[in-house]
1. In this structure, is residue 44 part of a loop (DSSP other than H, G, I, E, B) and either surrounded by 10 or more Cβ atoms within 10 Å (Cβ to Cβ) or modelled with pLDDT of 90 or more (or both)?
2. Which one of 85, 36, 81 is assigned to a helix (DSSP H, G or I) and modelled with pLDDT under 90?
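The values are calculated or read from the model by the stated rules, or taken from the named source; none is laboratory data. Predicted model only: the values in this text are computed from it and were never measured. Cβ coordinates were reconstructed from backbone atoms using ideal geometry, including for glycine residues, and neighbour counts include every protein chain displayed.
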């Protein structure tokens, strides 16, 4: 039970620290955005500074969204393969040690 208690404590501490660091990074990143970029919604306004094509970042197209989706699917498949490999390695190690895997 000692290792499990350490894991839970470490997990909770990591979650807390990660949340704080993520919040700070989010605040810093959003404070650096120009106010006109932060207020852009799906329908661009007829502002002269944005209507001439000088957008601070390009709006996504259907093609770019599809490419991003496929890229994410490939990365997810790679992660699933890596997880399966590690799971198989761990089960082999547990079997060679004669340890019973507890599913609780």
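1. Numbers: part of a loop (DSSP other than H, G, I, E, B): yes; either surrounded by 10 or more Cβ atoms within 10 Å (Cβ to Cβ) or modelled with pLDDT of 90 or more (or both): yes.
It is true that residue 44 is part of a loop (DSSP other than H, G, I, E, B) and either surrounded by 10 or more Cβ atoms within 10 Å (Cβ to Cβ) or modelled with pLDDT of 90 or more (or both).
2. Working: 85 fails: modelled with pLDDT under 90; 81 fails: modelled with pLDDT under 90.
Being assigned to a helix (DSSP H, G or I) and modelled with pLDDT under 90 holds for just one of 85, 36, 81, which is 36.
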